[in-house]
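Asker: Before we start, here is the structure in question, set down as structure tokens.
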Amino acid sequence: MTIFSRYLMRNIFIGFAAAAGLLIPLFTTFNLINELDDVAPGGYRWTQALLVVVMTLPRSLVDLAPFIALLGGIVGLGQLSKSLELTAIRTAGFSISRIARVMFCAGLVMTLTLGAVDEWVAAPLQQRALQIKNVAMAKAESDSDAGNALWARSQDDFVTVQSLDNRNQPVGIEIFSWQPDLTLKSYIFAQSATIAGKGMWTLHNVTEKRWDKQQETVNNLPEMQWHSLFSGEDLKRLTLPAESFSARQLADYIVYLHKTGQPSLEYESALWQKAGRPILILAMILLAVPFTFSTPRAPGLGSRLALGVIVGLVTWIVYQIVLNLGILFSINAQLTTLVPPVLLLGLAVGLIYRFDRRLKY
């Protein structure tokens, strides 16, 4: 790597740091405001809300990475352009495509770093933060009407769990067993359960109904042993949103959903988003090159940054729309998560090639 390449890369990383220093505090403030809306007496406290926001900072960094890549690239190259150092570098023999290759290398370093942060820092901290919040809100019974938290299926047996208590034990368990002709064979309701070893649950305050030849029998039992359909799965983890999972957890849970015959598209989409995000980051970094060379006589950064914010925001909105439409209409997860970033990357490369040919000395 030449001295010019190292100098370019250093300024690009300075731009990344400046963009992160601007965006992270801004969005952290928004997150804190949202968390304070859930604060309740005797339950979720403001100190816990502040802790949750701090623990989700790595997740915010990962989610904002495409914005940081675009704005950081514009800032890094824009400062060089403003001081005419970029002109000097190009005079020394650096073409626009060569500058783009240096930025691509910087993007690779950024994506690899963020991938490690996402897998081993952001996911565990976000899951822990959500568990702290859920336990605190459960004490205030603020989510008692939130609906069922867990569902599972095994062949003709279905189970739903309303919520978990502050000891992460199931509450409000309903078990349905169906005949092959889709008639209900049995129904079990338990007010609570205690998780034992080897996938066994002890159901408490049980009401069991069975139907045989149109005859209904009802049994009320203080306790009942039941082999859980959630055996081998961490219930705390299963109540968390898909975006808080690491790639390994998503892959394991998708396998579990396939084995139990449950829909997995939401989790497949979350997994493939982790593959699509690096492509999106690289595309955004390369888009900073056309932003810089589209108006070579205008050294000001304000208009470029404003346009960069608009482009980044529109890109994020369109990508989220595509992802949600993919889940809504059960479209292939790889198609909806990878095609938009790849198309944007192709657009960035095409623009760089065009400007390289136009401005070649």
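Asker: Pop out the carbon and sulfur fraction of the accessible area of segment 23-67 as a percent, whole number, probe 1.4 Å.
Answerer: 72 percent
Asker: How large a share of the accessible area of segment 195-250, in percent, is made up of carbon and sulfur atoms when the probe is 1.4 Å and the other protein chains stay in place?
Answerer: Carbon-and-sulfur percentage of accessible area, whole number: 46.
Asker: Another question about this same structure. State the label only: which of [x] 1.04; [y] 1.11; [z] 0.95 corresponds to Rg/Rh (Cα atoms, Kirkwood Rh) computed from the shown model?
Answerer: Answer label, from the structure shown: [y].
Asker: For segment 156-227, what D do you get in µm² per second when you plug the Kirkwood radius from alpha-carbon pairs into Stokes-Einstein at 10 °C and 1.306 mPa s?
Answerer: Translational diffusion coefficient: 124 µm²/s.
Asker: If the limit is 28 Å between Cα atoms, which of LYS133/LYS259; LYS185/LYS259; LYS82/LYS274 go over it?
Answerer: LYS133/LYS259; LYS82/LYS274
Asker: Next question. Just to verify a number: what accessible area does ASP37 come out at with the full protein assembly present, 1.4 Å probe, Å² rounded to tens?
Answerer: My reading of the accessible area for ASP37 is about 120 Å².
Asker: Give me the dipole magnitude in Debye, nearest 20, for the chain about the Cα centre, with unit charges on the beta carbon: positive for Lys and Arg, negative for Asp and Glu.
Answerer: 2180 debye
Asker: Rounded to the nearest 10 degrees, what's the angle between the helix 96-117 long axis and the longest principal axis of the chain, both from Cα atoms, 0 to 90?
Answerer: That helix lies at roughly 30 degrees to the long axis.
Asker: Taking the Cα centre of segment 156-227 as origin and charging only Cβ (+1 Lys, Arg; -1 Asp, Glu), how large is the dipole, in debye to the nearest 20?
Answerer: So the dipole magnitude of segment 156-227 works out to roughly 140 debye.
Asker: Continuing with the same structure: Could you tell me how many degrees, from 0 to 90 and to the nearest 10, lie between the Cα long axis of helix 247-259 and the main elongation axis, the longest principal axis, of the Cα atoms of the chain?
Answerer: 40 degrees
Asker: Considering the chain as a Gaussian network with a 10 Å cut-off on Cα pairs, which listed residue, PRO340, PRO66, PRO241, attains the greatest mean-square fluctuation?
Answerer: Highest fluctuation among the options: PRO241.
Asker: Relative to the longest principal Cα axis of the chain, at what angle does helix 265-293 sit, 0 to 90 degrees, rounded to 10?
Answerer: 10 degrees
Asker: A further question on this structure: Whole number in Å², please: accessible area per residue of the chain, 1.4 Å probe, ligands, DNA and RNA not counted.
Answerer: Value for the chain: 52 Å² per residue.
The values are calculated or read from the model by the stated rules, or taken from the named source; none is laboratory data. Bear in mind that the values here come from a model prediction, so they are computed numbers and not experimental data. Here Cβ is always computed from backbone atoms with ideal geometry, including for glycine, and neighbour counts include all displayed protein chains. We work out accessible area using only protein heavy atoms, side chains counted, and drop any ligands, DNA or RNA first. Shrake-Rupley method; radii C 1.70, N 1.55, O 1.52, S 1.80 Å.
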